[in-house]
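The values are calculated or read from the model by the stated rules, or taken from the named source; none is laboratory data. Everything numeric here is computed off the predicted structure, so don't read it as measured data. Methodologically, a virtual Cβ is constructed for each residue, glycine included, from the backbone with ideal geometry; neighbour enumeration extends over all protein chains shown. When the accessible area is computed, the model is the full protein with side chains, heavy atoms only, and any ligands, DNA or RNA have been set aside. Shrake-Rupley method; radii C 1.70, N 1.55, O 1.52, S 1.80 Å.
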Amino acid sequence: QRRGDYLTAADFWEKAILQRLTIDGQADADVAEYLKASFLIHKARARGLLKSSKSDEAIEELHKAEAILPADTQIVLDLAPELQRAGRPAEADALFRRALAVQETICSDFPRSASHHNNLAWMAACLDRELDKALQHSQRAVELDPEKVAYLDTLAEVYFRRGDSAEAFC
């Protein structure tokens, strides 16, 4: 994966999962590990297929990954720019909108979760989208946990992306 050979990486991860299953069907890892591994396989395939100019197939793999871990924001940060580069801006926008909706729901359900507010803000800031929402959620994360450096970093990034360099450096 570090070399950008996402399709080979997906094949290796898939083999690793199969090797961890025993003959009698018992797994030696918990369900969360298998979900994460399956997610990574589909995500890697999506990236590899995008690099191979197979956008339609990539989008199918992307949807499979989203179905496994719909709250993961890193997939949006990784794949939205790649979809843009592949000439699929509508799909990049749709990916961001779906992820934003999931994050907003989580923040609504868990309003005192600083990490979730920060995740939404970081995703939006890194993609230069919905910066007003990013600011609100970033400020909320800092309000909830003012000592967390990562949240302060996100707030600075949001201010910077909004063009407010003075606030970003405070």
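In this label model, Ala32 and Glu143 are separated by 2.9 nm, measuring between points 7 Å along each Cα→Cβ vector. For the pair Ala150 and Leu77, the difference between a 0.36 nm per residue extended length and the Cα-Cα distance amounts to 24.6 nm. Taken as entire DSSP H runs, the helices of the chain that both span 24 Å or more between Cα atoms along their own long axis and average 0.0 or more on the Kyte-Doolittle scale are 31-51, 89-109.
When the Debye formula is applied to the Cα atoms of the stretch 58-154, each taken as the same point scatterer, what base-10 log of I(q)/I(0) results at q = 0.11, 0.13, 0.16, 0.25 Å⁻¹? Log10 of I(q)/I(0), two decimals: -0.31, -0.43, -0.64, -1.26.
A cut-off under 15 angstrom between Cβ atoms defines the neighbours of Gly48, and their net charge, with Lys, Arg +1 and Asp, Glu -1, is 0.
Net charge of the neighbourhood of Ser113, taken over other residues with C-beta under 13 Å away and scored Lys/Arg +1, Asp/Glu -1, is -1. Summed over all non-identical Cα pairs, the Kirkwood treatment of the stretch 57-113 gives a radius of 11.8 Å.
For the chain, what's the relative contact order in percent, using C-alpha pairs closer than 8 Å and at least 6 residues apart? Relative contact order of the chain: 13 percent. Overall, the chain carries a charge dipole of about 400 debye about its Cα centre when +1 sits on the Cβ of Lys and Arg and -1 on the Cβ of Asp and Glu, all other atoms neutral.
Packing here is the average count of other Cβ atoms within 10 Å per residue, and on that basis the peptides 72-83, 53-64, highest first, run 72-83, 53-64. From the residues Gln139, Leu152, Ala65, which one has its Cα farthest along the dipole of the stretch 43-170 in the positive direction, the dipole being from +1 and -1 charges on Cβ of Lys/Arg and Asp/Glu about the Cα centre? My answer, from the dipole projection, is Ala65. Too long at a 31 Å Cα-Cα cut-off: which of Lys51/Lys148; Lys43/Lys133; Lys36/Lys133; Lys54/Lys133; Lys64/Lys148? From Lys51/Lys148; Lys43/Lys133; Lys36/Lys133; Lys54/Lys133; Lys64/Lys148, over 31 Å: Lys51/Lys148; Lys54/Lys133; Lys64/Lys148. Check each of the chymotrypsin sites (Phe, Trp or Tyr not before Pro) in the stretch 139-170 and keep only those in coil by DSSP with at most 10 other C-beta atoms within 10 angstrom; list them in order. When the chymotrypsin sites (Phe, Trp or Tyr not before Pro) of the stretch 139-170 are filtered for loop state and at most 10 Cβ neighbours within 10 Å, Phe169 remain. Nonpolar atom fraction for the stretch 1-152, defined as the carbon and sulfur part of the 1.4 Å probe accessible area, stands at 53 percent. Directionally averaged projected area (the chain, Cα convex hull): 11.6 nm². Between Leu7 and Gln84, take the C-beta separation as r, use R0 = 22 Å, and let me know the FRET efficiency to the nearest 0.05. My answer for the efficiency is 0.60. The residues of the chain expose, per residue, 57 Å² of accessible area to a 1.4 Å probe.
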